[in-house]
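Novice: Questions regarding the structure given below will be posed in turn.
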Amino acid sequence: MSDNENSKRRPLKNSRPEGFPIKTLLIWAMVIGLAVAVLTIPQGSKAAPVRLNIQEVVELAEKGEVQEGTIKADPTGGPFYTVITGEFKTAQKNAEGIESKHFAAAGRLIDESMARLQATRVFKEPAAETWLSGLLTSLIPFVAILAVLYFLFMRQIRAAGRGALNFGKSRAKLLTRDRDKVTFKDVAGCDEAKEEVSEVVEFLKDPKKFQKMGGRIPKGVLMVGPPGTGKTLLAKAVAGEADVPFFSISGSDFVEMFVGVGASRVRDMFEQGRKNAPCLIFIDEIDAVGRQRGAGLGGGNDEREQTLNSLLVEMDGFDTTEGVIIIAATNRPDVLDSALLRPGRFDRQVFIDLPDMIGREQILRVHAKRIHMADDVDLAEFGRATAGLSGADLANLLNEGALLAARRNKKKVERIDIEDAREKILFGRERRRMMDEEEKRMTAWHEAGHALIGAVLEDDKSQLHKVTILPRGRSLGMAMYVPKKEVLSLGKKQILNRIAMALGGRIAEELAFDDISNGASSDIQQVTKLARHMVCDWGMSGMGPIAYGENSDTIFLGREISRAENFSEDTARKIDAEVRSIVDEQYIRATAILKERRAALDGIAEALLQYETIEGKHVMEIIKEGRILSPVIHTLPPVLDDKPAKPEGDKKISSTDLPAAGAAPSPA
């Protein structure tokens, strides 16, 4: 592409309708009002002039006591009637006894006196004022004010008119290559998606390669995937790789309060695209205008449907031209209209899923280029330990680690910083809340029950990472698990193990204190949800492989609000009985494990009371050896004192400081 063509690529100015700027008009009105007041209000009064007769003025002028004066004829007083005004060189007292430098005289001025006054050369006769000059003098200020008002109002009216004419114009922005340039090298974790969209870029660069084979480039590419997986970033990479004009617009930019504006903007957007063909148009969050028609609650939205109809016609209607390729992104493909998804409009759907272990490592390496990393940071390790995180989550992980390192006054981001950031993102921030002894002990045994059953029933997909009685998020304590590998599906035995593990906290409370708390509410909800899924959705019960409920998604709320019951009341009672049977069996199973290993349960709880947080390896040591053998890295809480506490860093506590399993817990 030539330099001349590149020079024409500039972001389009979005002409937006402008109303009257009220603040500007008010300011100008105040200025004009002040000017009128200054012109019309008489100046402040000055001392009254000294009253003289004609003869006295002649004598004072001849003595040289007059600074200047004016002789003006006044026909209203009769022939030769004259008014003389002037200014003294030295102030004199007037009739009120106030000194004044001005004087005034009136009367008949004879030729002799006139000659004497003219001889002094301090008096002058003004030109006679005609009616025209007087009229102009009085009209000029008002004409000037009207001209200023006319200029201001007409300027605003023209601006408002231009805005009204451009109201239906497209708000698509034309991106240039040197502005926010992103290439495929900056996108990681979605190699298959990059390959599919790169075909579009390759076709635009060399269309004959595909046309020789009789192929046709897709008119539209729909990128689908969960939030944060890189759909918009991939579109930016297409813009960076392509040597064609790239227009970017959001789905919400078509929506306005006026009927017909959205459809007009769609037509104008494609008109701009045809003028710059071949080109790419990227529509972000297309579900804002592409939702299914005729499914409105209480009637359809005519404006949205008009916009969608216009989009459908422009993409593949009766009068369409080649060269305009649409790339759209959404995380709700289920709500899009079926006419929008058919071949000929969006020929290809590119699914961008959450990254796998290799993809996560690649994403971390892309974002780590801008961060000063220490040598002990192994990005491959964090790629394995961050299953389920999207690309945006991984970028946030490294950013949080950098912020933690900066707060700790480090020069580089170390492994412990990223580890703490990972726990903060996955499990919530650690909070030291004041807890009395009884609540602290119950929380310790509750988390010990989770940890013990999780360690005993550990499978090949997850392992116990840490156990803590420090509040994180909404929970007072937490047993943290990390995946060992990519978890794509779960077996029946693994789901039953998770139900038993979730029930372990409540059972441990009952064994240790002969009482239960409401701290197991979230565990009970999780257990019930898993058991009901096993019966109704996964066919993992005596009810057989039958789906006893279909999720009903509402297009407008975008979430599950009800479960359609396609079964009888008798079947519903059987489902409830099966769910109850699954939960009861795992409750009995977990109780037996905790009773059999009661000493280990007490040892884990006592370690939590002393250290507040222990790792999974310490739990295994207590189960196998009865005590902790490896050192525990314990961060001391801040000293609540008037004097600032000296930073002590991380203190390593020997395993000999921990009492043997089964001993009485140390007082807090």
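The values are calculated or read from the model by the stated rules, or taken from the named source; none is laboratory data. Nothing here was measured: the structure is a model prediction, and the numbers come from that model. Virtual Cβ from ideal backbone geometry, glycine too; neighbours counted across all protein chains shown. Quick note on the areas: whole protein, heavy atoms, side chains included, nothing else; ligands and nucleic acids left out. Shrake-Rupley method; radii C 1.70, N 1.55, O 1.52, S 1.80 Å.
Novice: Looking only at region 599-621, count every residue that is surrounded by fewer than 23 Cβ atoms within 10 Å (Cβ to Cβ) and out of contact with any Gly (no Cβ under 8 Å at 6 or more places or on another chain) and tell me the total.
Specialist: Final tally of qualifying residues: 10.
Novice: Here's a follow-up. On the given criteria, is ARG384 in contact with a Lys or Arg (Cβ under 9 Å, 6 or more places away or on another chain) and of a type in the set (Lys, Arg)? Spell out the reasoning first.
Specialist: Values: in contact with a Lys or Arg (Cβ under 9 Å, 6 or more places away or on another chain): yes; of a type in the set (Lys, Arg): yes.
Spelling it out, ARG384 is indeed in contact with a Lys or Arg (Cβ under 9 Å, 6 or more places away or on another chain) and of a type in the set (Lys, Arg).
Novice: Continuing with the same structure: Can you tell me which residue is most open to solvent (accessible area, probe 1.4 Å) among those in region 388-411 that are in contact with a helix residue (DSSP H, G or I) (Cβ under 7 Å, 6 or more places away or on another chain) and of a type in the set (Gly, Ala, Ser)?
Specialist: Checking each candidate, the answer is ALA395.
Novice: Could you tell me which of the residues LYS485, LYS440 is among the basic types (Lys, Arg), open to solvent by 20 Å² or more (accessible area, probe 1.4 Å) and not in a helix (DSSP H, G or I)?
Specialist: Working: LYS440 fails: not in a helix (DSSP H, G or I).
Only one candidate passes the filter, namely LYS485.
Novice: Taking LYS466 as the residue in question, decide whether it is of a type in the set (Lys, Arg) and under 21 Å from LYS624 (Cα atoms).
Specialist: Numbers: of a type in the set (Lys, Arg): yes; under 21 Å from LYS624 (Cα atoms): yes.
Criteria met by LYS466.
Novice: So which of GLY161, GLY168, GLY215, GLY189 is over 35 Å from the mean Cα position of the chain (by Cα) and either modelled with pLDDT of 80 or more or open to solvent by less than 50 Å² (accessible area, probe 1.4 Å) (or both)?
Specialist: Going through GLY161, GLY168, GLY215, GLY189 in turn, just one is over 35 Å from the mean Cα position of the chain (by Cα) and either modelled with pLDDT of 80 or more or open to solvent by less than 50 Å² (accessible area, probe 1.4 Å) (or both): GLY215.
Novice: Could you please let me know if ASP584 is more than 19 Å from MET501 (Cβ to Cβ), open to solvent by 60 Å² or more (accessible area, probe 1.4 Å) and assigned to a helix (DSSP H, G or I)?
Specialist: no
Novice: Next question. Under the condition of being over 21 Å from MET480 (Cβ atoms) and not acidic (Asp, Glu), which residue from region 497-517 is surrounded by the most Cβ atoms within 10 Å (Cβ to Cβ)?
Specialist: ALA512
Novice: Can you tell me which residue among LEU470, LEU389, LEU404 is more than 26 Å from LYS492 (Cα to Cα) and not in a helix (DSSP H, G or I)?
Specialist: Numbers: LEU389 fails: more than 26 Å from LYS492 (Cα to Cα); LEU404 fails: not in a helix (DSSP H, G or I).
LEU470 is the lone residue from the list that is more than 26 Å from LYS492 (Cα to Cα) and not in a helix (DSSP H, G or I).
Novice: Let me ask something else about it. Return the only residue of LYS624, LYS646, LYS595 being out of contact with any strand residue (DSSP E or B) (no Cβ under 7 Å at 6 or more places or on another chain), at pLDDT 90 or above and open to solvent by 90 Å² or more (accessible area, probe 1.4 Å).
Specialist: Being out of contact with any strand residue (DSSP E or B) (no Cβ under 7 Å at 6 or more places or on another chain), at pLDDT 90 or above and open to solvent by 90 Å² or more (accessible area, probe 1.4 Å) holds for just one of LYS624, LYS646, LYS595, which is LYS595.
Novice: Which pairs have Cβ atoms under 7 Å, sit 6 or more apart or on different chains, and link a residue in region 336-364 that is in contact (Cβ under 8 Å) with a residue 40 or more places away in the chain to one that is among the acidic types (Asp, Glu) and open to solvent by less than 70 Å² (accessible area, probe 1.4 Å)?
Specialist: The qualifying pairs are LEU336/ASP287; GLY344/ASP316; ARG345/ASP316; ARG348/GLU196; VAL350/GLU196; ASP356/GLU486; MET357/GLU486.
Novice: If you go through region 305-316 one residue at a time, do you hit one that is open to solvent by 70 Å² or more (accessible area, probe 1.4 Å) and either at pLDDT 85 or above or within 20 Å of THR229 (Cβ to Cβ) (or both)?
Specialist: yes
Novice: Scan region 536-546 and give yes if some residue there is aromatic (Phe, Trp, Tyr) and open to solvent by 70 Å² or more (accessible area, probe 1.4 Å), otherwise no.
Specialist: Within region 536-546, one or more residues are aromatic (Phe, Trp, Tyr) and open to solvent by 70 Å² or more (accessible area, probe 1.4 Å).
Novice: Here is a further query. Determine if region 329-339 includes at least one residue that is part of a strand (DSSP E or B), at pLDDT below 85 and aliphatic (A, V, I, L, M).
Specialist: Within region 329-339, the first condition is being part of a strand (DSSP E or B), and the residues that meet it are 329-330, 336.
Subsequent filtering for residues that are at pLDDT below 85 retains none.
The answer is no; no qualifying residue exists.
Novice: How many residues are of a type in the set (A, V, I, L, M) and free of Cβ contacts under 8 Å to residues at least 60 places away in the same chain when one looks only at region 461-498?
Specialist: Total meeting the criteria: 7.
Novice: Which of (1) open to solvent by less than 40 Å² (accessible area, probe 1.4 Å); (2) touching a strand residue (DSSP E or B) at 6+ places or on another chain (Cβ under 7 Å) does GLN349 not meet, given it meets every other one?
Specialist: The single condition GLN349 does not satisfy is (1).
Novice: Still on this structure, please answer the following. How about region 198-242: which of its residues are among the aliphatic types (A, V, I, L, M) and in a loop (DSSP other than H, G, I, E, B)?
Specialist: MET213, ILE217, ALA242
Novice: Looking at (1) open to solvent by 70 Å² or more (accessible area, probe 1.4 Å); (2) under 22 Å from VAL467 (Cβ atoms), which is the one condition that is false for ILE418?
Specialist: That leaves (1) as the condition not met.
Novice: Could you tell me whether LEU452 is under 19 Å from LEU609 (Cα atoms) and over 34 Å from the mean Cα position of the chain (by Cα)?
Specialist: Answer is yes for this residue.
Novice: Could you grab the pairs with beta carbons closer than 8 Å, sequence gap of 6+ or different chains, first residue in region 521-548 and within 19 Å of ALA590 (Cα to Cα) and of a type in the set (Ser, Thr, Tyr), second one at pLDDT 90 or above and open to solvent by less than 40 Å² (accessible area, probe 1.4 Å)?
Specialist: Taking only residues 6 or more apart or on different chains, the pairs are THR528/VAL579; THR528/VAL583.
Novice: Restricting the search to region 551-588, which residues are modelled with pLDDT under 50 and within 14 Å of ARG532 (Cβ to Cβ)?
Specialist: Passing the criteria: GLU560, ARG563.
Novice: Answer yes or no: is there a residue in region 106-125 that is more than 13 Å from GLU56 (Cα to Cα), in contact with a Gly (Cβ under 7 Å, 6 or more places away or on another chain) and not charged (D, E, K, R).
Specialist: Yes: region 106-125 contains one or more residues that are more than 13 Å from GLU56 (Cα to Cα), in contact with a Gly (Cβ under 7 Å, 6 or more places away or on another chain) and not charged (D, E, K, R).
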